[in-house]
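The values are calculated or read from the model by the stated rules, or taken from the named source; none is laboratory data. Worth saying up front: this structure is predicted, and the values here are computed from it rather than measured. All Cβ positions, even for glycine, are placed from backbone atoms using ideal geometry, and neighbour counts span all protein chains on display.
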Amino acid sequence: MNGLTNIPALSVLLILPIIGALACMVWGRRASVITVLLETTVALLLPFRVETTVFPWLRFEDWGWIERYGARLSLGLDGLSLLLVWLTVILLAVAVGLSWPRYRQSGFYALLLISCSGILGVFLAQDLLLFYVCWEIMLLPLILCIALWGGAKRVEAAFKLLLFTLAGSLLMLLAFLGLFLLHGRQTGDYSFALQALGTTVIPADLAPWLFGCLALAFLVKVPVVPLHGWLPDAYQEAPAAVTLLLSGVLAKAGIFGLVRVAMPLFPETWTSFLPVLGGVALVSIGYGGWLAFVQTDLKRLVAYVSVAHLGFIALGVAAFNVIALQGAMLQLFNHGITTAALFALVALVERRTGNRQLHELGGLWSRTPQLGALVLFFSLAALGLPGLNIFTGEILILLGAFGAHPWWGAAGMLGVLLAACYTLRMVQGVLWGSPRGPEFMKDITRTEALILGPLAGLVLWFGLYPLPFLKLLRGPVEQLLAYLVTTGGLP
Amino acid sequence: MTEFLFLIPLLPLCGALIILFAGGRMPRRLLTGVAIASVAASAAVTLWLWPLAADQSRATLFTWFDAGSLQVPMELLFSPLAACMALMVTGVSALIHVYAACYLHHDPDIRRFFMLFNLFVFAMLVIVLADNLLLLFLGWEGVGFCSYALIGFWYRNPVFATAGRKAFLVTRAADVLFGIALLWLFHLTGTLSITAINLQAASLPPASVTILALLLLAGACGKSAQLPFSSWLPDAMAGPTPVSALIHAATMVTAGVYLLCRLFPLISLSPTALAVIGLVGTSTAFYGATCALVQRDIKKVLAYSTISQVGYMFLAVGAGTITGAMFHLLTHAFFKALLFMVAGAVIHLASGEQDLFRLGRLPKRSPMLFWLLLAGSVALAGVPLTSGFFSKDAILAACFARQTLWWTSLGVAGLITAFLTALYALRLVYLLTADREAASGHGPAPRGLVWPLLPLGALALVGGLLNLPEVWGGHAGLGRWLATPSGLSPSHGLEWGLAFVTLLLVAGAWFAIRNRYRVPTSPVSERPCVDFLIAGWKFDSLIRFAITAPFERLGSELERSLERGFTTSWPAGLGRLCQATGQKLRVFTSGSVSHYLVAMGWGIILLLAMLLFLLIF
């Protein structure tokens, strides 16, 4: 077993999906299943047999890349990225499993795999150029998927998504290059390493602009409310697997970027940015919840639910104290699981009834009780019922937010009421009432149960015993706070 | 030994899980057996561990949350107060489970019913036993969910499902305020343990304590259907009758009172908050009684009556007597659960008819049920020597013993409400016994529906012995057990006076009702004031007009205007910008060779100039 420790697991994790994608093109879609299985094994083994080389990291790998510009392939894994890597791999498995009966072209699976490689790169990269490249890799394949396999308005939706996120990521590249040049001029050491760039002295008149570029790029990806224009259409038109990855993982990349890239690079600007973020987060919670309440299309409804929940995570980040941050980081995982399950269920309901309009659905419980029970279960999780996973994150976020600014916590609590309003409306529209739609419907199949069962288990686990994961996150969160204090961002 | 405390809530949970995972393969008898046995076992364990309560035993299972300064253990506290409540919850639940097994024996979906019913008992016991506010909140929302799912149990009827949703949303609205109190308490004290908060309460700033107490009151009002959150309870009667008996009469609706009792050391620091609690209690009691007086649906009479009786418990908390509140809570659980189950049996016999003016002849059809109804009604009416008489008088005595204008006037309002209570309780009896052409029933009540009521009937009559005041030769047993002195000791003269006044009121009510309903009557003519009362003072339409409708309308308006801008106009603008830029740049690739040649020429000149520049400098 000693040999295992020497395997550069992080690099393997990154390259495996790309090899898998190539294999898909050669051997057909079966290769994707094998890749997912291998990837899961590697991801699960990550925390074991580690020899810490560089301090905060569980694992750290560093390879030369473009030596001339000081860009290296450096990958670091700590508690937070571990959780997100797990989330990515789980959701990839769900996405592949959910698409299996529906999409036969191996290209679809190849694109999913490539995107997954990009996502993992974003969560692991410690080099800004690598981060940027991965950032683009994670999105473009999904946009292609929407444009090729999406719903009726797929091209329009894909274009909208492309425009918004490309504008964002170009701004990000601009900020990175600016930093790169500044740092190079100051120290003579031209490097893209995140750690090195954090020490750059940024002129006071330039800092807000560079930070603004970065923040915009990340907030578009989350998205928070004024920047969410791409979201409803993209989520609605995309194939279920893509929606699930977009909301489950890509949104997390935005928050992750804010905390792990924007904060360390601009600690001083960060503190003055927090109130803005808090305000935007509260608007997202309220606005997203309100709009979710009036939607008639089930998938669009869940899309807005996702906006509201991401608002909570942003609120936790804005509060920026131990409790709120731990809650927010935990919620990244929780929300990914719940929202993915909800989008999967929407797809399953649609496959059975051929319909997604709330007023044409109803009475599903009497036709397919097991599917109905799953819809109810995950809706309750989304509603924030204590004992299920969303509550765990939400209460920590709210406790922390109240500590930072009492009225943030109080206003956030109102979002919890909104959550009950839209979720129960959805449940009532889908489950209760007299049965409609086709006379005969298959209840949940074994494959579907295999996909959703583990997700339900995770919902309960994180709801009732989140302790191991909170411990996992404590280190990274304390480092973030300590970093901000030492760099003078916090008084 | 203390670890066994976890058996109390976990046994019903196990029952629910067994039914959930294996219920589909079980015969019906086994399934109901599992459900009943798990709750009965829980009651037995409560009795077995009863001695532990005297020294406030605790048991910890594991840590739920640990983040920064926040520590939330899964910890139970078995105090005398919790023990009383736990025994009542498990005992009454066990009886109602037996009743439900008979009541629903034709329903095809009893698996779902008993799963939720057991889960409810679990969640309720978590509320009762939790020491940590967050754990209590778990139970609090858990009972809310079970109530939601059970009100809408017959989900094919959208009206029932809507009633369930309303119950959940109204209580959730109140829970927002409760939640804010919770956040604030943690912010101020750094802990969420109820014991620790109560210990630190004295050191908190008084203004915060008042606001905190009011926020907690709001949360309690939601669960306990007090004004202004009362409107969900009458609608909740859409659920099967055992649900109404267990959740909406005996246990869940009293959770608010129990919460205030648990946090009483904190709340009692603010006289303003106590005065407001008293006011809310009295006005709700009066409101509920006036509405119950004119209802035609037998279950709605009982629903409004529950609202009204829980109001008395709030009044007791406000007046500062935990013993009084708990005493009334217990007796009310007995007689109201009894009344609901009698009503269920009556409805069952009349094949689903719930209109009081179409029911009747109960003594002839089922004498046993009639006597049980009578026992419940006299206890509700507060006829001297029944349980309701003692518990209600204890509350009113505490009000008058305060000897301030505020509490005396609340006490007088309580007396007026007591008169109204006697009126509607006796009206119920007279209407059910009236000799009219009733909807034809079928046979006597099944034995399974009757025998669980017998113990409750007995308790409704003699439950007063639990806390018999010393004036009547008792030992105030409950008060001693709870050991929460209120600092008030009503004089003997006051107690005798109150007993006499109550007797007069009940007698007056009896005469009034006898004259009105002795001969079978038809429903009252549709007078506007009766309509107003039947509709619960039209609070529903007010809320719809002021809150729900604008919320929906504004939401759709937002969707049409602002959201359209975000998702359509703005991206389209961005798209057009890109397109226009492209169009502008297109002139460079016009396709005619002469343009390209000119551009090439300029390029060469530029390059040469740069080269020259570099050579010279």
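One table, with the values for the structure above:
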{"read-out": "Counted residues, segment A:222-256 - those being among the small types (Gly, Ala, Ser) and under 11 Å from the mean Cα position of the chain (by Cα)", "value": "5"}
{"read-out": "Residue check for A:Leu464: touching a Lys or Arg at 6+ places or on another chain (Cβ under 9 Å), farther than 28 Å from A:Gln295 by Cα and either more than 13 Å from chain B (Cβ to nearest Cβ) or aliphatic (A, V, I, L, M) (or both)", "value": "no"}
{"read-out": "Unmet criterion (only one of (1) over 31 Å from the mean Cα position of the chain (by Cα); (2) without any contact (Cβ under 8 Å) to a residue 60 or more places away in the chain; (3) assigned to a helix (DSSP H, G or I)) for B:Arg480", "value": "(1)"}
{"read-out": "Number of positions in segment A:260-304 that are within 14 Å of another protein chain (Cβ to nearest Cβ) and farther than 22 Å from A:Phe402 by Cα", "value": "12"}
{"read-out": "Residue within segment B:99-117 that is assigned to a helix (DSSP H, G or I), surrounded by fewer than 23 Cβ atoms within 10 Å (Cβ to Cβ) and either without any contact (Cβ under 8 Å) to a residue 60 or more places away in the chain or within 9 Å of another protein chain (Cβ to nearest Cβ) (or both) present", "value": "yes"}
{"read-out": "Among the residues listed as B:Val128, B:Val159, B:Val176, the single one being under 22 Å from B:Pro234 (Cβ atoms) and either surrounded by fewer than 24 Cβ atoms within 10 Å (Cβ to Cβ) or more than 7 Å from chain A (Cβ to nearest Cβ) (or both)", "value": "B:Val159"}
{"read-out": "Pick from segment B:139-148, criterion crowded, with 24+ Cβ neighbours inside 10 Å and of a type in the set (A, V, I, L, M, F, W, C), ranking: nearest to the other protein chains (Cβ to nearest Cβ)", "value": "B:Trp140"}
{"read-out": "Residue list for segment B:531-543, restricted to those being surrounded by 15 or more Cβ atoms within 10 Å (Cβ to Cβ), in a helix (DSSP H, G or I) and not acidic (Asp, Glu)", "value": "B:Leu533, B:Ile534, B:Phe539, B:Ile543"}
{"read-out": "Test for A:Gly387: is it at pLDDT 90 or above, among the small types (Gly, Ala, Ser), over 21 Å from A:Leu310 (Cβ atoms) and touching a Gly at 6+ places or on another chain (Cβ under 7 Å)", "value": "yes"}
{"read-out": "In segment A:418-448, the residues that are among the hydrophobic types (A, V, I, L, M, F, W, C) and more than 14 Å from A:Leu348 (Cα to Cα)", "value": "A:Leu418, A:Ala419, A:Ala420, A:Cys421, A:Leu424, A:Met426, A:Val427, A:Trp432, A:Phe440"}
{"read-out": "Qualifying residues in segment A:424-477 (those that are of a type in the set (Gly, Ala, Ser) and more than 20 Å from the chain's Cα centre (by Cα)) - the one modelled with the lowest pLDDT", "value": "A:Gly437"}
{"read-out": "Lone unmet requirement of (1) closer than 22 Å to A:Val261 by Cα; (2) surrounded by 16 or more Cβ atoms within 10 Å (Cβ to Cβ) for A:Ala95", "value": "(1)"}
{"read-out": "Residue ID - farthest from B:Leu138 (Cα to Cα), chosen from residues in segment B:51-65 that are in a strand (DSSP E or B) and touching a helix residue (DSSP H, G or I) at 6+ places or on another chain (Cβ under 8 Å)", "value": "B:Ser57"}
{"read-out": "Residue in segment B:236-262 that is nearest to B:Ile197 (Cα to Cα), counting only those that are part of a loop (DSSP other than H, G, I, E, B) and touching a helix residue (DSSP H, G or I) at 6+ places or on another chain (Cβ under 6 Å)", "value": "B:Thr251"}
{"read-out": "Helices (runs of 4 or more DSSP H) wholly inside segment B:148-229 that include at least 1 residues being under 18 Å from the mean Cα position of the chain (by Cα) and either touching a residue at least 12 places away in the same chain (Cβ under 8 Å) or within 23 Å of A:Val416 (Cβ to Cβ) (or both)", "value": "B:158-189, B:206-223"}
{"read-out": "Yes/no for A:Ser379 being small (Gly, Ala, Ser), in contact (Cβ under 8 Å) with a residue 12 or more places away in the chain and within 19 Å of A:Cys421 (Cα to Cα)", "value": "yes"}
{"read-out": "Residues located in segment B:45-71, provided they are surrounded by fewer than 21 Cβ atoms within 10 Å (Cβ to Cβ), under 21 Å from B:Cys84 (Cα atoms) and polar (S, T, N, Q)", "value": "B:Gln56, B:Ser57, B:Thr60"}
{"read-out": "Qualifying residue in segment B:362-371 (condition: in contact (Cβ under 8 Å) with a residue 60 or more places away in the chain, in a loop (DSSP other than H, G, I, E, B) and charged (D, E, K, R))", "value": "no"}
{"read-out": "Residue among A:Ala196, A:Ala167, A:Ala204, A:Ala175 that is free of Cβ contacts under 8 Å to residues at least 24 places away in the same chain and not in a loop (DSSP other than H, G, I, E, B)", "value": "A:Ala196"}
{"read-out": "Failed condition for A:Val242, given (1) crowded, with 23+ Cβ neighbours inside 10 Å; (2) out of contact with any Phe, Trp or Tyr (no Cβ under 9 Å at 6 or more places or on another chain)", "value": "(2)"}
{"read-out": "Residues of segment B:66-95 satisfying the condition of being within 14 Å of chain A (Cβ to nearest Cβ) and in contact with a helix residue (DSSP H, G or I) (Cβ under 7 Å, 6 or more places away or on another chain)", "value": "B:Asp66, B:Ala67, B:Gly68, B:Leu70, B:Val72, B:Met74"}
{"read-out": "Which listed residue is within 50 Å of the chain's Cα centre (by Cα), part of a helix (DSSP H, G or I), under 28 Å from A:Leu166 (Cα atoms) and within 10 Å of another protein chain (Cβ to nearest Cβ), from B:Ser556, B:Ser569", "value": "B:Ser569"}
{"read-out": "B:Ser594 being of a type in the set (Ser, Thr, Tyr), assigned to a helix (DSSP H, G or I) and farther than 30 Å from A:Val224 by Cβ", "value": "yes"}
{"read-out": "Residues (within 29 Å of A:Leu398 (Cβ to Cβ), modelled with pLDDT of 90 or more and among the small types (Gly, Ala, Ser)) located in segment B:65-90", "value": "B:Ser79, B:Ala82"}
{"read-out": "Answer from A:Ala344, A:Ala401 - the residue that is buried (at least 23 other Cβ atoms within 10 Å of the Cβ) and more than 13 Å from chain B (Cβ to nearest Cβ)", "value": "A:Ala344"}
{"read-out": "Residue match in segment B:359-368 (condition: buried (at least 24 other Cβ atoms within 10 Å of the Cβ) and over 26 Å from the mean Cα position of the chain (by Cα))", "value": "yes"}
{"read-out": "Test result for B:Met26, away from every other protein chain (no Cβ under 14 Å) and surrounded by fewer than 19 Cβ atoms within 10 Å (Cβ to Cβ)", "value": "yes"}
{"read-out": "Residue in segment B:125-141 that is in a helix (DSSP H, G or I) and acidic (Asp, Glu) present", "value": "yes"}
